[in-house]
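The values are calculated or read from the model by the stated rules, or taken from the named source; none is laboratory data. These figures come from a predicted structure and were not determined experimentally. Virtual Cβ from ideal backbone geometry, glycine too; neighbours counted across all protein chains shown. Quick note on the areas: whole protein, heavy atoms, side chains included, nothing else; ligands and nucleic acids left out. Shrake-Rupley method; radii C 1.70, N 1.55, O 1.52, S 1.80 Å.
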Amino acid sequence: MNNVFSVLQNSMKSPEVRRKILFTGFIFLVFRIFAHIPVSGVNLVQLKNLFEQNQFLGLLDIFSGGTLANFSLIALGLNPYINASIILQLLTMVFPKLEELSKEGDAGRKKINQYTRLLTVPLAILQAIGMYALLRSQNIIPVLAPIDLISFILTMTAGTMLLVWMGEMITERGVGNGISILIFAGIVGRIPVVLGQTITTATAENAMNIVLFGGIGILLVAAIILVNEAVRQITVYYAKRVRGNKMYGGQSTHLPLRLNQAGVIPIIFAVSLVLLPSLIANYLASAKNPALSSISQFITIWFNPSGPIYNIFYFLLVVGFTFFYTAVVFNPKKISEEIQKYGGFIPGIRPGTPTANYLNYILTRITIVGALFLGLIAVFPTIASAITGLQTLVLGGTGLLIVVSVVLETFKSIEASLVMRNYEGFLKR
């Protein structure tokens, strides 16, 4: 705790870091302002009633930061961008040219980010059309003329691209990862509403359950911090090398392998995909075709957010994305080649392929633990609701994981900026 306060105190003393924090706060303010500007023609009273009656839409609204219930200009949120990122990362595994591009350093990443932004536009258009069809089926929005429908779709798409731009501005000029911080801002902005609903409906009978839920939440936060900060240290020795009149190497270091190597990305990816069946069911619910209506009822029954099929599917998606993303961000073969290139070796392991196999073995074992933990966090709302009987506190472990992880990563980013500033000041002296 003292370290947190010292980081905040030192960050306010540094003009550069303070400017980054204030810029991030300004983007937060702009984000919340846009979140309360509704799109014209939408019956907000009926829309809020629909969200209160539909558990799936209520969960979706929490991750949008309340922008869906208000149906603001940024109602689509960052879902199209996240889906575009998933598609690009999958294509990177399939097409060698994209894989080569991803290995070209900063220039390659900028190119892939540009492709992601371009792919976000058609995905946002499709999602805006689906959102209009859903609202129209519930008589929340009237039938729009072609020109008005085009304006509606363009407004929704522009809102998503505005969020993407805000996220990139935070990444470049603020602190932390911009996209993650905006998702964090949406979740935190929705917490007071969720707590207010819970307190309003609280009775003497479930007051103890609220206290129990709070206790579980504190333990969950502690577990998230413990897992996020857990690291497996692998000792690496570097042999002595003589170049000219100087001797290099002859020292040992550690290769850190995090227990949760993928961070919050698997949860975000899984949420984007696990909500698709329910979204399709809501769209087909008002269909006049009996076959489509029966499909909608089937999906609604089997993919109920509190049902076993939904939670098993969600759990497996999180575990699968954890392994997938870990494989993307950490390549044992490449790491072993770098270690061998600089004359390093792991004690008891031969350089080259044996080192890669050893790293892959260790990484697989710790990733299993991290993936299972993330999977349990994902289905925590259902478990907590079954234990406490509280249906309003649906934020659960997923939101807590994102909030805690983003806070930790942001503080690390601030600390890194402070260390860099002190280091640069030392060099100038």
Worksheet item: Is there a residue in region 71-83 that is exposed (fewer than 15 other Cβ atoms within 10 Å of the Cβ), not charged (D, E, K, R) and not in a helix (DSSP H, G or I)?
Response: no
Item to complete: Hey, can you tell me all the residues within region 334-354 that are assigned to a helix (DSSP H, G or I) and either touching a residue at least 24 places away in the same chain (Cβ under 8 Å) or touching a Phe, Trp or Tyr at 6+ places or on another chain (Cβ under 7 Å) (or both)?
Response: ILE335, ILE339
Response to the item:
Filtering strands (runs of 3 or more DSSP E) wholly in region 233-276 for at least 1 residues that are of a type in the set (Gly, Ala, Ser) and at pLDDT 75 or above gives 251-258
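Every residue, every condition in (1) open to solvent by 20 Å² or more (accessible area, probe 1.4 Å); (2) within 18 Å of GLU229 (Cα to Cα), yes or no:
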{"residue": "THR353", "(1), (2)": "yes, no"}
{"residue": "VAL369", "(1), (2)": "yes, yes"}
{"residue": "LEU374", "(1), (2)": "no, yes"}
{"residue": "THR382", "(1), (2)": "yes, no"}
Worksheet item: Does LEU88 qualify as being free of Cβ contacts under 8 Å to residues at least 60 places away in the same chain, under 20 Å from THR160 (Cβ atoms) and open to solvent by 80 Å² or more (accessible area, probe 1.4 Å)?
Response: no
Response to the item:
When (1) among the polar types (S, T, N, Q); (2) open to solvent by 50 Å² or more (accessible area, probe 1.4 Å); (3) modelled with pLDDT under 85 are applied to THR171, the one that fails is (3)
Item to complete: Select from region 137-168 the residues that are outside any helix (DSSP H, G or I) and either within 18 Å of the chain's Cα centre (by Cα) or surrounded by fewer than 16 Cβ atoms within 10 Å (Cβ to Cβ) (or both) and list them in ascending order.
Response: ASN139, PRO142, VAL143, LEU144, ALA145
Worksheet item: Scanning for something over 25 Å from GLY320 (Cα atoms) and either touching a Cys at 6+ places or on another chain (Cβ under 6 Å) or at pLDDT below 80 (or both), does region 72-95 turn up at least one residue?
Response: no
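Quick one: in region 36-69, of everything that is under 19 Å from the mean Cα position of the chain (by Cα) and not in a helix (DSSP H, G or I), which residue is modelled with the highest pLDDT? Please lay out each step first, then the result.
Start the filter on region 36-69 by keeping residues that are under 19 Å from the mean Cα position of the chain (by Cα), which leaves 56-68.
Remaining after also requiring not in a helix (DSSP H, G or I): 64-66.
Values: SER64: 61, GLY65: 56, GLY66: 58.
Applying the filter and picking the extreme gives SER64.
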Practice prompt. Name every residue in region 305-318 that is buried (at least 21 other Cβ atoms within 10 Å of the Cβ) and among the β-branched types (Val, Ile, Thr), in order of residue number.
Written response: VAL318
Worksheet, complete the sentence: Filtering region 127-139 down to residues that are of a type outside the set (Phe, Trp, Tyr) and in contact (Cβ under 8 Å) with a residue 12 or more places away in the chain yields GLN127, ALA128, ILE129, GLY130, MET131, ALA133, LEU134, LEU135, SER137, GLN138, ASN139
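What about PHE345, is it under 30 Å from the mean Cα position of the chain (by Cα), open to solvent by 40 Å² or more (accessible area, probe 1.4 Å) and among the aromatic types (Phe, Trp, Tyr)?
For PHE345, the condition - under 30 Å from the mean Cα position of the chain (by Cα), open to solvent by 40 Å² or more (accessible area, probe 1.4 Å) and among the aromatic types (Phe, Trp, Tyr) - is not met.
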Worksheet entry | Which numbered condition THR201 fails, given (1) of a type in the set (S, T, N, Q); (2) modelled with pLDDT of 65 or more; (3) open to solvent by 40 Å² or more (accessible area, probe 1.4 Å) | (2)
